[in-house]
Amino acid sequence: MTVTAISAVGLTLTRGGRQLCVDCDLEVPVGELTVIVGPNGSGKTTLLQTLAGLRTPTAGRVVHHVDPPLGYLPQRPAFRAGFTVAETLEYYRQLAPAGGRASVPALLERVGLGGRADDPVDGLSGGMLRLFAVGVALIGDPSVLLLDEPTGGLDPQMRDALVAIVSEEREGGRAVVLVTHRLGAIDPLVDRVVVMGEAASVTVGAKATLCEQTGTGTLEGLYRQLIEVGP
């Protein structure tokens, strides 16, 4: 039986006076990877922030069916300068329920930054900063992970590490929602797809079902079919 972590009912989103989606229903199941794809400016980040509870929808409602915390990776993570990687992570760990379940060293090892504990957080490369932000999102053993372009700026080795983390979280029973333009790396893990297109069109469904309906075999093929041809 499918267990729902987050549901959106009758969701309408607008930004700058432009409608991004209208009266959209979607569910984020536990133990599955839901990917949000679409052209630049289609509203992917706005939808992710709304699912995370960081934005109020224009209409409709979003319901969280699981206990907090939710782990969130913004598109452009930023942290206060003047502190080390370990100090910064410990600060956020102390804010999590019960101080978070994992230690700082364990979290840093998890995201491949075990040797960077004493580095200044503002001295990390763009890719390392994104991996560090994933570590922050994992604090408190979240029931849902919402990641905005997690593979952006990562070299192939870092990208493989990130994909492995997403796979582990999904297999561990977490609900994972991911916004990305890099479809190939996460294609084998994807269970559900939200395609945001032009004129507030949104297609939602299981990847296998949508691929069968469109005669495609990959996430990229599905995306191109729905965006270029239309649902």
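The values are calculated or read from the model by the stated rules, or taken from the named source; none is laboratory data. In this text the structure is predicted, and so the values were computed from the model without any measurement. When we count neighbours, we look across all protein chains shown, and the Cβ atoms used for this are built from the backbone with ideal geometry, even at glycine. In case anyone asks, the SASA skips ligands and DNA or RNA and just uses the protein heavy atoms, side chains included. Shrake-Rupley method; radii C 1.70, N 1.55, O 1.52, S 1.80 Å.
Restricting to Cα atoms and excluding each atom paired with itself, what does the Kirkwood estimate give for segment 1-133 in Å?
When all Cα pairs of segment 1-133 are included, the Kirkwood radius is 17.0 Å.
Estimate the FRET efficiency between GLU198 and THR2 by the formula 1/(1 + (r/R0)^6), using the beta-carbon distance for r and 30 Å for R0, to the nearest 0.05.
0.50
Output needed for segment 136-194: three equivalent-ellipsoid semi-axes, defined as square roots of 5 times the C-alpha gyration tensor eigenvalues, in descending order, whole Å.
Rounded to whole Å, the semi-axes are 17, 14, 11.
What's the local net charge at GLY41, with K and R +1, D and E -1, over the other residues with C-beta under 12 Å away?
+2
Cα centroids of segment 163-231 and segment 93-144: how far apart, whole angstrom?
If you average the Cα positions of each part, the centres end up 27 Å apart.
Sort 144-153, 167-176, 212-221 for me by packing, meaning the mean count of neighbouring Cβ atoms within 10 Å per residue, highest on top.
On the way: 144-153: 22.0, 167-176: 17.8, 212-221: 14.8.
Top to bottom by mean Cβ count within 10 Å: 144-153, 167-176, 212-221.
Once neighbouring chains are kept in place and the probe is 1.4 Å, which whole percent of the accessible area of the chain is contributed by carbon and sulfur? Kindly include the intermediate steps, with their values, before the conclusion.
Working: 5250 of 10760 Å².
Of all accessible area on the chain, carbon and sulfur atoms account for 49 percent.
Quick check on the chain: helices-only [θ] at 222 nm, where DSSP H runs of length 4 and up contribute -39,500 (n - 2.57) each and the sum goes over total residues. Nearest 500, please.
-9000 deg cm²/dmol
Applying 1/(1 + (r/R0)^6) with R0 = 45 Å to the Cβ-Cβ distance of ASP119 and ARG15, what FRET efficiency is obtained, to the nearest 0.05? All intermediate terms of the calculation are to be shown ahead of the outcome.
Details: r = 36 Å, r/R0 = 0.81.
The pair ASP119/ARG15 has a calculated efficiency of 0.80.
Let me spell out the model: positive unit charges on the Cβ of Lys and Arg, negative unit charges on the Cβ of Asp and Glu, origin at the Cα centre of segment 85-191. What dipole size does that give, in debye rounded to 20?
On the way: 9 positive and 16 negative charges, 27 e Å.
Rounded to the nearest 20 debye, it is 120 debye.
Calculate the translational D of segment 150-231 in whole µm² s⁻¹ from Stokes-Einstein, where the hydrodynamic radius comes from the Kirkwood formula applied to all Cα pairs, the temperature is 25 °C and the viscosity 0.890 mPa s.
Working: Rh = 13.6 Å.
In µm²/s, the coefficient is 180.
Need one number: the % of Cα-Cα pairs in segment 101-209 sitting beyond the 19 Å mark.
The share of Cα pairs beyond 19 Å in segment 101-209 comes to 48 percent.
In vacuum, with every alpha carbon of the chain counted as one equal point scatterer, what does the Debye formula give for log10 I(q)/I(0) at q = 0.10, 0.11, 0.14, 0.17 Å⁻¹? Two decimals, please.
-0.46, -0.55, -0.88, -1.25
By per-residue mean of other Cβ atoms within 10 Å, what is the highest-first order of 27-36, 47-56, 202-211?
In descending order of packing, they fall as 27-36, 47-56, 202-211.
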